[in-house]
Amino acid sequence: MLVKQLKNIAIIILVFSILVACSAEKSTSKKKEDADSADNVKELVYAASKDINDMNPHLYTGSMPAQGMVYESLVENTEDGIKPLLAESWEVSEDGKVYTFHLRKDVKFHDGEPFNADAVKTNIEAVQNNAEKHAWIKLSTKIESVNVIDDYTVELVLSEAYYPTLVELSMTRPYVFLSPNDFKDGETKEGVNGFNGTGPYIITEHKTDEYATFEANEDYWGGAPKIKKITSKVLPAGETTFLALQKGEVNFVFTDDRGADSLDVEAMNQLVESGDYQLVRSEPMNTKMIVANSSNADNPVSETAVREAIWYSIDRKTITKDLLNGTETEAHTLFSPNVNYADVDLKKRGYDVEKAKKILEDDGWKIKNGAEVRTKDNKKLSMKLYYDSNSSSQKTQAEFIQASVKEIGIQLEIIGEESTSIANRRSTGDYDLLFNQTWGLAYDPQSTIAAFTSDASYLHTTKGIENADGLYKKIEQVMVSTDEDIRKSLYADILTIVHNEAVFIPISNGSVTVVAPKNLNGISFKQTQFELPFVLMNFK
């Protein structure tokens, strides 16, 4: 009897053991599935309005957020000033003409090629050998030589002191570094054979106008990124992007380097309310504005009075509060006061329709026989405004401004085009008015102001004003001044001239907006609106 009872107990223990083992195996399997599932979401797929294009960092057609993942500069522009990046430290000579950089010794390009002083010299000289393309960057006109001191020390010699040197070396392009193995005949101006930088991500696949894939650089000198894969997926802005987010085809959107919003405010709010997404917005980065062409004497917009009347006719409060749902703030000057050297006392121009009408009347633009459009010397007060067709917010604002200026007797045709087409119009002068934005906190005021003299940027905006030569002389002086008080005075003069001429008509101060998965940590911003620090992001 006792033996039988012992056998039964043994059987019960055996069955219990089997059940526990099965449960443990099931639990282990479940944990593995959960881990696998977590791994599956360690990928960002962001919606982009345009293809990444040519990733050659020494030219300008590529996507800047994409290039920012792949390439790096010697120094980095941060909220706390210029900080080390590929250069650990540097010294500047007393006369401001010689910069000596001490490079990191633990950096390699994505193809395994060492990053050293020779690579720095080769890259900077490649940029300098395409001088016409880079003339808008004043530093490119100041560099006399790049000298290798030893394997990890390089010397940059300038023709004269140039105070924005470190700032311009920190830009997303062109003074960033590509493996010399990717050069064509020792140059980059006619194209490159590959896109091997030193950055935290490596481009692994690109299907034009569809997507591009970037994978983590596991040997990155700053530590391997936690997000292992990032994909840039080309999608039309608006409803298509919104539906893709809802379906999980993409999981990240942000204001891109062309200033275009993939989603309108209502769609962003709807995604956040779903509980799956978060919205993160940077501090004001730039000024959104209308740029006027002062150089075409046959067009009414070449007249200061017409430009000033347009300025007074725009209700910025309605634009920022109602059209932009409070996501941006009113702008009344080219730069907000928090930009270096920009806290200048300038003439106030608020929303005043009657004042706008009087300015036009006094300038000879009259309403005749009950017509809606003013005329002068048998010429209609008519012009065109170009906006980015991929930006829903620009289109909405353009329509609003069209109605606003109609009230003061201006006929405004609004035309949406691709950003590349608008950039071409800006450089050739084939425009009356167009939407644009300042460079942003990292680069201003010097970069936007330097562009006043550049064919590729704002030369046609400024060269028709009354004292253009005097303006250009002051710009030349401010860039080489080593006296802080003189520099402040020159910037004040420059900003006063363009403000009084009303060639840059400010609308709002813009920010970078991100819509991302709720469980994504580490979302932050750089001093530039053209990049995001993806390397700092991670999933909970």
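Tallying residues that are under 28 Å from the mean Cα position of the chain (by Cα) and small (Gly, Ala, Ser) within segment 272-322 yields 4. Restricting attention to segment 453-474, does a residue exist that is open to solvent by 20 Å² or more (accessible area, probe 1.4 Å), under 21 Å from Thr287 (Cα atoms), small (Gly, Ala, Ser) and in contact (Cβ under 8 Å) with a residue 12 or more places away in the chain? Yes, that holds for at least one residue. Val480 satisfies every condition listed in (1) within 26 Å of Ala423 (Cβ to Cβ); (2) open to solvent by less than 50 Å² (accessible area, probe 1.4 Å) except (1). Residues that are more than 27 Å from the chain's Cα centre (by Cα) and part of a loop (DSSP other than H, G, I, E, B) within segment 105-137 comprise Lys105, Asp106, Asp111, Gly112, Glu113, Asn116, listed in sequence order. For segment 401-443, the set of residues classified as open to solvent by 10 Å² or more (accessible area, probe 1.4 Å) and assigned to a strand (DSSP E or B) consists of Gln411, Leu412, Glu413, Ile414, Ile415, Gly416, Glu417, Phe435, Asn436, Gln437, listed by residue number. Among the numbered conditions (1) at pLDDT 95 or above; (2) under 23 Å from the mean Cα position of the chain (by Cα); (3) open to solvent by 30 Å² or more (accessible area, probe 1.4 Å), the only one that Pro180 does not meet is (2). All conditions in (1) over 37 Å from the mean Cα position of the chain (by Cα); (2) on the phi > 0 side of the Ramachandran plot hold for Tyr341, with the sole exception of (1). When each of Asn500, Asn521, Asn509 is tested for being closer than 24 Å to Glu330 by Cβ and either under 24 Å from the mean Cα position of the chain (by Cα) or of a type in the set (Asp, Glu) (or both), the lone residue that passes is Asn509.
Taken across segment 448-466, residues that are basic (Lys, Arg) and assigned to a helix (DSSP H, G or I) do not occur at all. Within segment 237-248, being open to solvent by 90 Å² or more (accessible area, probe 1.4 Å) and farther than 13 Å from Ser49 by Cα holds for Gln246, Lys247. Taken over segment 86-102, the criterion of being assigned to a strand (DSSP E or B) and out of contact with any Leu (no Cβ under 6 Å at 6 or more places or on another chain) is satisfied by Glu88, Ser89, Trp90, Glu91, Val92, Val98, Thr100, His102. Considered as a group, the residues in segment 480-493 that are touching a residue at least 40 places away in the same chain (Cβ under 8 Å) and either assigned to a loop (DSSP other than H, G, I, E, B) or touching a Pro at 6+ places or on another chain (Cβ under 8 Å) (or both) include one that is farthest from Val98 (Cα to Cα), and that residue is Tyr491. For segment 152-169, state whether one or more residues are open to solvent by 10 Å² or more (accessible area, probe 1.4 Å), farther than 16 Å from Phe101 by Cβ, in contact (Cβ under 8 Å) with a residue 24 or more places away in the chain and out of contact with any helix residue (DSSP H, G or I) (no Cβ under 9 Å at 6 or more places or on another chain). There is no residue in segment 152-169 that is open to solvent by 10 Å² or more (accessible area, probe 1.4 Å), farther than 16 Å from Phe101 by Cβ, in contact (Cβ under 8 Å) with a residue 24 or more places away in the chain and out of contact with any helix residue (DSSP H, G or I) (no Cβ under 9 Å at 6 or more places or on another chain).
Residues in segment 484-540 that are farther than 29 Å from Val75 by Cβ, open to solvent by 40 Å² or more (accessible area, probe 1.4 Å) and in contact with a strand residue (DSSP E or B) (Cβ under 8 Å, 6 or more places away or on another chain): Lys518, Asn519, Lys540.
For residues in segment 366-400 being hydrophobic (A, V, I, L, M, F, W, C), in contact (Cβ under 8 Å) with a residue 60 or more places away in the chain and not in a strand (DSSP E or B), which is farthest from Gly429 (Cα to Cα)? It comes out as Phe400.
The C-beta contact set for segment 262-284 (first residue within 20 Å of Pro236 (Cβ to Cβ), second residue open to solvent by 40 Å² or more (accessible area, probe 1.4 Å), distance under 7 angstrom, 6+ apart or interchain) comprises Asp264/Ser392; Val265/Asn325; Met268/Leu279; Tyr277/Lys518.
Residue by residue, here is whether (1) free of Cβ contacts under 8 Å to residues at least 24 places away in the same chain; (2) under 30 Å from Tyr163 (Cα atoms); (3) in contact with a strand residue (DSSP E or B) (Cβ under 9 Å, 6 or more places away or on another chain) holds:
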| site | (1), (2), (3) |
| --- | --- |
| Leu324 | no, no, yes |
| Thr327 | no, no, yes |
| Leu334 | no, yes, yes |
| Asn340 | no, yes, no |
| Lys348 | yes, no, no |
| Val353 | no, no, no |
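Could you please let me know if Asn116 is out of contact with any helix residue (DSSP H, G or I) (no Cβ under 6 Å at 6 or more places or on another chain), farther than 23 Å from Leu59 by Cα and open to solvent by less than 60 Å² (accessible area, probe 1.4 Å)? So Asn116 does not fit the description; no.
Counting only residues that are open to solvent by 50 Å² or more (accessible area, probe 1.4 Å), in contact (Cβ under 8 Å) with a residue 60 or more places away in the chain and touching a strand residue (DSSP E or B) at 6+ places or on another chain (Cβ under 7 Å), how many does segment 183-201 have? Adding up the residues that qualify gives 1.
In segment 329-343 there is at least one residue that is within 22 Å of Tyr458 (Cα to Cα), among the polar types (S, T, N, Q), at pLDDT 95 or above and open to solvent by 30 Å² or more (accessible area, probe 1.4 Å).
The values are calculated or read from the model by the stated rules, or taken from the named source; none is laboratory data. Bear in mind the structure is a predicted one, so any value in this text is a computation, not a measurement. With ideal geometry, Cβ positions are generated from the backbone for all residues, glycine too; neighbour counts draw on all protein chains shown. Each accessible area value is taken on the protein alone, full model and side chains, heavy atoms only, with ligands, DNA and RNA left out. Shrake-Rupley method; radii C 1.70, N 1.55, O 1.52, S 1.80 Å.
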